[in-house]
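The values are calculated or read from the model by the stated rules, or taken from the named source; none is laboratory data. The model shown is predicted, which means the values in this text are computed figures rather than measured ones. Positions of Cβ are backbone-derived with ideal geometry, glycine not excepted, and every protein chain shown enters the neighbour counts.
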Amino acid sequence: MTMLPQRGPEARKMGLVIDLDTCVGCHACAVNCKEWNTGGEAGILPDYDKYGEKPDGVWFNRIHSYETGSDGCSRTVNFPRSCLHCENPLCVTVCPTGASFKRAEDGIVLIDTDLCIGCKLCSWACPYGAREFDEDSGVMRKCTLCIDRIYDESLPEAEREPACVATCPAKARHFGDLADPHSKVSQLVAQRGGTDLLEELGYRPTNKYLPPRRAQIQTTPRETSGAASQGIGGALLKLLDKALSR
Amino acid sequence: MKPAASVLLLTTLTGFAYGLLTWLGLYVAAGAPPAARLLVLAGVGVGLILATLGLIASTLHLGRKERAWRAFSQWRSSWLSREGLAAVLTYPIALAFAWAQYRAPGSPAARSLGVVTALASLGTVYCTAMIYASLKPIRQWHNRHTAPDYLIYALYSGATLFALLHTLAFGTAALAATLAALGALCALIAKLAYWRHVDAQSPIASLASAIGLPKGTAARPLDAPHFTENFILREMGFQVARRHAAKLRRIALVVAFALPLIFSLLARLGTFPLASSALAVACAALGLLTERWLFFAQATHVSALYYGRAV
């Protein structure tokens, strides 16, 4: 059913809060996601040309690194990208078969791979590039928010969280109910000014990103500029630098 | 966006097909001569065969072709589902129309079925167009040009085909060639207006907003998540060199619109009407395929922002 469910304001919104301030860009979340989901209920996540020149495959989580800022005061922002389980997911409504759906009870966006015809239209409808096509089984795949972990009562309660959250060594990923204002994730969003990605497109993502904080430690530029070293000493140093740089 | 052969063939072939069915329906509704019985019958046959070829082509890119029937189920939310239903519904309507016109040419039943055939055909084209027009992440598709343009190209290409069939039946292209020439002119203007619109558009989002940073923050890619292409880059990150695109645009303008305009006028004036109207169809087909290739190749997807691409 690709019509969106009627969800009241009290409906749970399970999702992630990702802290761009503490993410170190180690890709552990992506690797553990791949590991869990290739063996979990979602089945094999394929890899193509594994040991060849152009290895490729389906991953639910991709870690980018960006440089932000200008005028020599730039910083690195590591950015994990995965499905945001939007409240207004165009990927669901464009699906012609009913394979894509949003769960009424917790807002998780899923694909029923037994119904999917592999038309790829949902991947076109997602501005976040969160859906990847499985060439081996001919169906679309996406993040399930580890639905086979978070509700598994055979796991100790502390482990009932998505694989990416469980593995993050920097504790940059948090999981919880974003509809509950008292939840840890909602309070993080409130304290740190959590933001929506591509808010202007109106998908109303559930997952939030905490922006990098301003640097607390004052640093001075380490490289001295050319103007600082003048005179014969400076000229000699420049010559030495040139010779050594060869 | 990757210009997949399946969707290029689908949209071009169904454009010809449903455009032709529309003109045949209107032709009969407006009072076609009884002698046009066979023309309408053959025309509906040609239209439905072309539509079928287009629809078969569209299933070629499916990952699970055997499940294609499931695509008829979600018409309440999905334009792709609506397109499938409209295409299937057009078959019995067009067949009933052809049969009615064959048994009792010009009868009220044939005339009204002609109008219904035209509406069903245009409705199918509209659904196809809305698949693209409804995709917010692609600014070159999600705009007010896409839906009317698809209808214009369908009516235009269908008119060239109608003129060819009319010439085959009666030896002259008559009014059909005038329609084709007018269609070529309208399509040319529509395409120029579309290019003008998309070339003047500003990006719908920036990398800063894509990664949740305040607007205006300078951001540039440092490390990509992977060092080879993945599905997102192959499907959504298709790039065409600007100078190639400019050349292809000129080719599309000449082959898709200018040449068919000239050939249709020649056919109208009675200069080798058969050869002229056949050339108009051939040029329109090749040119519209080029135009459709550009419609995909020059469309940019917001998700490519994450890889540092301009969108």
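Could you tell me which numbered condition B:Pro92 fails, if it satisfies all but one of (1) under 21 Å from the mean Cα position of the chain (by Cα); (2) without any contact (Cβ under 8 Å) to a residue 40 or more places away in the chain; (3) more than 12 Å from chain A (Cβ to nearest Cβ)?
Only one criterion in (1) under 21 Å from the mean Cα position of the chain (by Cα); (2) without any contact (Cβ under 8 Å) to a residue 40 or more places away in the chain; (3) more than 12 Å from chain A (Cβ to nearest Cβ) is unmet by B:Pro92, namely (1).
May I ask you to list the residues in segment A:158-213 that are out of contact with any Ser or Thr (no Cβ under 9 Å at 6 or more places or on another chain), within 14 Å of another protein chain (Cβ to nearest Cβ) and under 15 Å from A:Leu145 (Cβ atoms)?
Selection gives A:Pro205, A:Thr206.
Cβ-Cβ below 7 Å, separation at least six or inter-chain, first residue in segment B:268-283 and in the same structural domain as B:His166 (by TED's automatic domain parsing), second assigned to a loop (DSSP other than H, G, I, E, B) and surrounded by 14 or more Cβ atoms within 10 Å (Cβ to Cβ): which pairs?
Correct list of pairs: B:Arg268/B:Ala173; B:Gly270/B:Thr172; B:Pro273/B:Thr172; B:Pro273/B:Ala173; B:Ser277/B:Ala173.
Would you be able to tell me the number of residues in segment A:59-81 that are part of a loop (DSSP other than H, G, I, E, B) and either of a type outside the set (S, T, N, Q) or more than 7 Å from chain B (Cβ to nearest Cβ) (or both)?
8
Given the conditions (1) buried (at least 17 other Cβ atoms within 10 Å of the Cβ); (2) modelled with pLDDT of 95 or more; (3) of a type outside the set (D, E, K, R), report the number of the one that B:Leu182 does not fulfil.
(1)
Might you check whether a residue that is at pLDDT 95 or above, buried (at least 18 other Cβ atoms within 10 Å of the Cβ), more than 15 Å from B:Tyr27 (Cα to Cα) and among the basic types (Lys, Arg) occurs anywhere in segment B:138-153?
Yes - at least one qualifying residue is present in segment B:138-153.
Restricted to segment B:207-251, and to residues that are among the hydrophobic types (A, V, I, L, M, F, W, C) and over 22 Å from B:His301 (Cβ atoms), which residue is nearest to the other protein chains (Cβ to nearest Cβ)?
Only one residue tops the list, namely B:Ala218.
Could we say that B:Leu20 is over 28 Å from A:Asp114 (Cβ atoms) and within 14 Å of the chain's Cα centre (by Cα) here?
yes
Being surrounded by 16 or more Cβ atoms within 10 Å (Cβ to Cβ) and under 19 Å from B:Ala163 (Cβ atoms) narrows it down to one residue among B:Ala57, B:Ala32, B:Ala87; which is it?
One residue alone meets the criteria, B:Ala32.
Of A:Glu105, A:Glu161, which residue is assigned to a loop (DSSP other than H, G, I, E, B), of a type outside the set (Ser, Thr, Tyr), over 25 Å from B:Ala304 (Cα atoms) and touching a Phe, Trp or Tyr at 6+ places or on another chain (Cβ under 6 Å)?
A:Glu161
Tally time: how many residues in segment A:68-81 are under 17 Å from the mean Cα position of the chain (by Cα) and more than 14 Å from B:Ile232 (Cβ to Cβ)?
Residues in segment A:68-81 being under 17 Å from the mean Cα position of the chain (by Cα) and more than 14 Å from B:Ile232 (Cβ to Cβ): 5 in total.
Identify, please: which residue in segment A:82-106 is surrounded by 24 or more Cβ atoms within 10 Å (Cβ to Cβ) and under 18 Å from the mean Cα position of the chain (by Cα) and is, among those, farthest from the other protein chains (Cβ to nearest Cβ)?
Taking the candidates together, the pick is A:His85.
Sort through B:Ala51, B:Ala68, B:Ala42 and tell me the only one that's part of a helix (DSSP H, G or I), more than 14 Å from chain A (Cβ to nearest Cβ) and surrounded by fewer than 20 Cβ atoms within 10 Å (Cβ to Cβ).
Unique residue meeting the criteria: B:Ala42.
Mind counting the residues in segment A:108-117 that are more than 10 Å from every other protein chain (Cβ to nearest Cβ), surrounded by fewer than 20 Cβ atoms within 10 Å (Cβ to Cβ) and not in a strand (DSSP E or B)?
Adding up the residues that qualify gives 1.
Considering (1) closer than 30 Å to A:Val58 by Cα; (2) under 28 Å from the mean Cα position of the chain (by Cα); (3) at pLDDT 95 or above, say which one B:Ile211 fails and leave the rest.
(2) is the only condition that B:Ile211 fails.
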